[in-house]
Amino acid sequence: MTSETRGRGREQATSANPAEATRAVRPAQGGAESTQFLSPAEGGVGDATRAVRAPSPHPPDGSGPSGTPLSPLWIWGAPVLAVLSVVLLPLAAATTDLSQLGGWGLAAVLSPFGWLALALAVACCVVELWSPRPRIPMLGAATGVLILCTFGMPSVVMPQARFTTAWLIGGFVDSLAGTGVPPTGIDARFFWPAFFAQWAFFRDAAGADNLDSVIRWFPVAVVAFWAIGVYALARSMLGGSRAPWVAAWLFLGLNWIEQDYFSPQATGIVLLLTVLTFALGPLATRRTDTAGVPGWPRPHRDAAPLPRWRRWLVATMTPPNQPTLPARQLLLIYFCASLCLIAVAPTHQLTPFAIIGQLVVLAVVGRFRGRGLVIIATLAVIVYILIAARDFWLTQISMITGGDDSGGAVQAGFFERLQGDPGQIAVKMLRALMPGLTWLLAIAGAWVYWKRRRDLVPILLAVVPMGMAAVQSYGGELLLRIVLYGLPVLTILGVDALRAFVRSDRRREWAMAACMLLLMPLLVLIRGGNDAYMDVTTEDVTMTRQAYDQAPPDSLVLPLSPVGPYGLEGIGEHNKAPGVEGCTSLYDGTNDPLRCIDQIQPTTILFYGSIEKQGVVLYNQPPGWSLKIKDQLIASGTYRATYDNGFDAILVRTVPGR
C-alpha cells in the first residue's frame with residue numbers, strides 16, 4: 001500500500017465518521033504480525049500518536065502460518081522429548097554414585113542418564129522454537145524441564161538439599177519460629193528478617209516441623225520465577241515471539257552464580273524483576289515533543305539534524321508521554337510495584353539499592369511513568385534502616401562505607417577462592433571466565449540495540465549494580481550479587497546480538513543450537529564444582545538433629561569445619577561465635593584444629609563426610625585427615641563419641657569446659 005493510498009483512506013474515513021479517530025492499517029507481509037496505527041483524534045493536535053498491535057489471525061490448530069498442516073515432528077516432537085527427559089531423571093538419581101564426588105564436582109559422577117535427560121531437554125526447547133508455529137504452553141513446559149535438568153539436577157540426584165548456607169537459613173527460620181523474635185548479636189542477616197518471618201509463618205501454618213523438602217526444591221521454583229521475569233523483560237525490550245524465550249534460556253545458561261538457594265536474596269531477585277517488568281512494560285514510555293521539535297532520537301530519517309546539545313536538552317526537558325493503559329490498570333500496577341519495593345526493604349541488604357539505582361536511571365531518561373516509585377523505594381529503605389535496623393548501622397557502618405579494606409571484595413570474591421586441587425582450580429577459572437564472556441556478548445548486543453533503536457539505557461541498567469562495589473566489607477558474595485543484578489539485562493542484550501548474527505544467515509541457527517547444547521552441561525559443571533563438600537546426606541541431617549536434642553541448654557555445638565547442615569537448628573542458643581582470635585571456626589584450612597578446639601572448648605563437635613572431602617579437594621589435606629583428629633580427641637579422653645559412623649560422628653566433651 002502506497003502513502004497516497006493510505007492518505008486517501010484516511011480522508012475517506014474522516015469524511016465518513018469525523019467523530020472517530022482515523023485508522024490506517026498496514027497489512028502484514030510474509031506472515032508477519034500486522035501493526036495498526038491509531039492517529040490522533042480530529043482536533044487533538046497535541047496528542048501523541050500511539051501504535052497498537054492488532055491481533056494476528058491464527059491458523060487452525062495443527063496448521064502452519066499459511067494454513068498448511070504441520071508435520072507430526074512439530075506437533076509431537078517437543079512433548080515426546082520433554083516426557084523422555086523427565087522419565088530419565090529417576091534413573092539418573094539411582095545410578096549416580098555421590099560417594100565418588102571430587103574436585104570436579106557433580107559433573108564427574110553424574111550418570112549418563114542425567115546427561116541424556118539434559119540433552120533431551122535442550123532438544124525439546126530447540127524443536128519447539130523452530131516450529132512454524134511455536135506454542136507458548138509448550139515453550140513454557142520445555143523451559144520448566146530445562147530448569148529441572150540443570151538447576152534441579154542436584155535436587156534430583158541428592159537425597160537432601162545441598163549448600164551449607166541453605167541449611168543455615170533454615171536454622172534462622174527455625175529460630176524465629178520458636179520465639180517469634182529475631183535473636184540479636186548472632187548474625188547481621190537477622191536485621192533483615194522478613195524472609196525468615198515469612199517462612200516461619202508458612203511452617204507454623206502448615207503444621208510442619210521442618211522445611212527440608214522446601215529447602216531441597218526451592219532452587220527449581222525460584223529459578224522458574226526468574227525465567228518468567230526475564231521472559232517478560234525480553235518481551236518489552238526485544239519484541240517478537242521467539243527471542244524472549246531465547247533470552248530466558250540464555251539467562252539460565254549463564255546463571256552459574258548459585259544465589260538461588262533458600263535465601264532472602266533469591267526472593268529479592270524475584271521482586272527486582274517484577275518491578276523492572278512493570279517499569280519497562282506497562283509503565284514504559286519515551287519522551288515526545290508535542291510541539292513537533294525533533295527530540296532524541298529524531299522521529300524520522302528526513303528530519304533536519306540539530307546540534308546534539310539541543311537534542312539532549314529537548315529530550316531532558318520534555319515530559320514523558322502517558323502510558324496507554326486505563327487508569328484503573330495503572331493504579332493496580334503502581335500498587336503492586338509499591339508493595340514489591342516496600343517488601344524488599346526488610347528482606348535483603350543490597351537488593352533495594354540495586355532496584356533504586358535502576359529506577360533512577362529509567363526516571364532520569366524518561367523511560368517509565370511513575371517516578372513516585374523511586375520516592376517510595378527510597379523512603380522504605382531509609383525508614384527501615386533508621387528505625388528497625390538502627391543497631392546495625394550504628395555498629396556496622398564500615399560495611400556500608402567499606403572502611404579501610406581497599407579491594408577487599410575482589411580479594412574475597414576471587415583470589416581467596418582460587419585454591420584446591422586441579423578440578424577446583426579449573427571450575428573456579430571457568431566461573432571467572434563466564435562473566436567476561438557475558439559482558440562481551442552484552443556489549444555486542446548493546447551496539448546492535450543502539451543501531452536499531454538509538455538507546456543506551458539497557459546497558460546502563462546493567463552497569464548500575466557495579467556501584468555497589470564500594471561496599472567492600474560485604475565480602476566475597478558481593479561480586480556474585482553484582483553480576484546477578486545485571487545478568488537479566490545483559491542476557492537480553494546478548495540475545496539481540498545473536499538475533500542479528502542469525503538473521504544474516506539462517507544456517508547459523510544450527511550453530512546456536514550446538515552452543516546451547518554445550519552451555520547447559522557447562523552450567524552443571526560450574527554450579528556443581530563444590531558439591532564434594534556441599535553434598536548433604538540424610539544421615540547428616542538425622543545425626544545433627546540428634547546432636548541438638550542431646551545438647552544441654554546454652555551449650556556450644558560446632559562442626560569441625562563450617563560445611564554440612566550444622567546450622568539447621570540451635571541458632572542463637574548453641575551456635576554462638578567462639579570469639580577466639582585466630583579461630584573463627586575450629587578449622588578453616590589455615591589454623592590448627594586441635595589448638596582451636598582446646599581454646600574454644602565446644603561441648604559438641606560434629607563431623608561430616610563433607611568436611612573430609614573439603615579438606616582433601618580444597619585444602620590439600622591427605623585422605624583420612626578428619627578421622628585422625630577424631631581419634632586423637634577420643635584418645636585424649638577429652639571427648640567421647642555418642643555417634644560414630646566413619647566420617648560422620650558426634651563427639652561430646654567429657655570434662656568441664658569454659
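The values are calculated or read from the model by the stated rules, or taken from the named source; none is laboratory data. Here the structure is a predicted model, which is why all the values come from computation and not from measurement. Quick reminder, even Gly has a Cβ in these numbers, built from the backbone with ideal geometry, and neighbours come from all protein chains shown.
Consider I571 against the criteria (1) over 17 Å from A649 (Cα atoms); (2) surrounded by fewer than 20 Cβ atoms within 10 Å (Cβ to Cβ): it satisfies all of them except one. Which criterion is unmet?
I571 satisfies every listed condition except (2).
Can you tell me which of (1) touching a residue at least 12 places away in the same chain (Cβ under 8 Å); (2) surrounded by fewer than 22 Cβ atoms within 10 Å (Cβ to Cβ); (3) among the charged types (D, E, K, R) is the one R507 doesn't meet?
(1)
(1) over 30 Å from L498 (Cα atoms); (2) outside the structural domain of K576 (by TED's automatic domain parsing); (3) among the aromatic types (F, W, Y): which one isn't true of F190, the others all being true?
Status for F190: all satisfied but (2).
Of the residues that make up region 130-151, is at least one modelled with pLDDT of 95 or more and not in a helix (DSSP H, G or I)?
So far as region 130-151 goes, yes, one or more of its residues are modelled with pLDDT of 95 or more and not in a helix (DSSP H, G or I).
Restricting attention to region 95-118, and to residues there that are in contact with an Asp or Glu (Cβ under 7 Å, 6 or more places away or on another chain) and part of a helix (DSSP H, G or I), which single residue is nearest to A514 (Cα to Cα)?
L106
Matching residues to (1) surrounded by 19 or more Cβ atoms within 10 Å (Cβ to Cβ); (2) more than 23 Å from the chain's Cα centre (by Cα); (3) not in a helix (DSSP H, G or I):
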position: V524; (1), (2), (3): yes, no, no
position: Q546; (1), (2), (3): no, yes, no
position: D554; (1), (2), (3): no, yes, yes
position: G567; (1), (2), (3): yes, yes, yes
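Looking at region 188-201, is at least one residue under 23 Å from T277 (Cβ atoms), more than 18 Å from the chain's Cα centre (by Cα) and in a helix (DSSP H, G or I)?
Yes: region 188-201 contains one or more residues that are under 23 Å from T277 (Cβ atoms), more than 18 Å from the chain's Cα centre (by Cα) and in a helix (DSSP H, G or I).
In the set I629, I605, which member is in contact (Cβ under 8 Å) with a residue 60 or more places away in the chain, among the β-branched types (V, I, T) and within 26 Å of P656 (Cβ to Cβ)?
Selected residue: I629, the only one of I629, I605 that is in contact (Cβ under 8 Å) with a residue 60 or more places away in the chain, among the β-branched types (V, I, T) and within 26 Å of P656 (Cβ to Cβ).
If L233 passes every condition in (1) outside the structural domain of L487 (by TED's automatic domain parsing); (2) farther than 30 Å from G567 by Cα; (3) of a type outside the set (G, A, S) but one, which one does it miss?
Going through (1) outside the structural domain of L487 (by TED's automatic domain parsing); (2) farther than 30 Å from G567 by Cα; (3) of a type outside the set (G, A, S) one by one, L233 breaks only (1).
Quickly run through region 434-458 and pick out the residues that are among the aliphatic types (A, V, I, L, M) and at pLDDT 90 or above.
Passing the criteria: M434, L437, L440, L441, A442, I443, A444, A446, V448.
Taking the condition of being of a type in the set (A, V, I, L, M, F, W, C) and more than 26 Å from K428 (Cβ to Cβ), how many residues in region 80-118 meet it?
So the count comes out to 15.
Can you give me the number of residues within region 557-589 that are of a type outside the set (D, E) and under 19 Å from I169 (Cα atoms)?
Number satisfying all stated conditions: 19.
Somewhere in region 530-538, is a residue assigned to a loop (DSSP other than H, G, I, E, B) and at pLDDT below 90?
no
Name the residues in region 608-632 that are over 17 Å from Y566 (Cβ atoms) and in a helix (DSSP H, G or I), would you?
V616, V617, W625, L627, K628, D631, Q632
Among the residues of region 587-598, are any touching a strand residue (DSSP E or B) at 6+ places or on another chain (Cβ under 6 Å), crowded, with 20+ Cβ neighbours inside 10 Å and either part of a loop (DSSP other than H, G, I, E, B) or free of Cβ contacts under 8 Å to residues at least 40 places away in the same chain (or both)?
yes
Looking at the structure I just gave you, is F195 at pLDDT below 90, within 12 Å of P264 (Cα to Cα) and of a type in the set (F, W, Y)?
The answer is no for F195.
Taking region 490-522 as the region of interest, how many residues are within 27 Å of the chain's Cα centre (by Cα) and not in a helix (DSSP H, G or I)?
The number of residues fulfilling the criteria is 0.
Looking at region 279-289, is at least one residue modelled with pLDDT under 95, among the hydrophobic types (A, V, I, L, M, F, W, C), under 30 Å from P193 (Cβ atoms) and touching a Phe, Trp or Tyr at 6+ places or on another chain (Cβ under 8 Å)?
Among the residues of region 279-289, at least one is modelled with pLDDT under 95, among the hydrophobic types (A, V, I, L, M, F, W, C), under 30 Å from P193 (Cβ atoms) and touching a Phe, Trp or Tyr at 6+ places or on another chain (Cβ under 8 Å), which makes the answer yes.
Is it fair to say V181 is of a type in the set (A, V, I, L, M), surrounded by fewer than 17 Cβ atoms within 10 Å (Cβ to Cβ) and either part of a loop (DSSP other than H, G, I, E, B) or in contact with a Gly (Cβ under 6 Å, 6 or more places away or on another chain) (or both)?
The answer is yes for V181.
Among the listed residues A161, A166, A121, which satisfies the condition of being part of a loop (DSSP other than H, G, I, E, B) and among the hydrophobic types (A, V, I, L, M, F, W, C)?
Result of the check over A161, A166, A121: A161.
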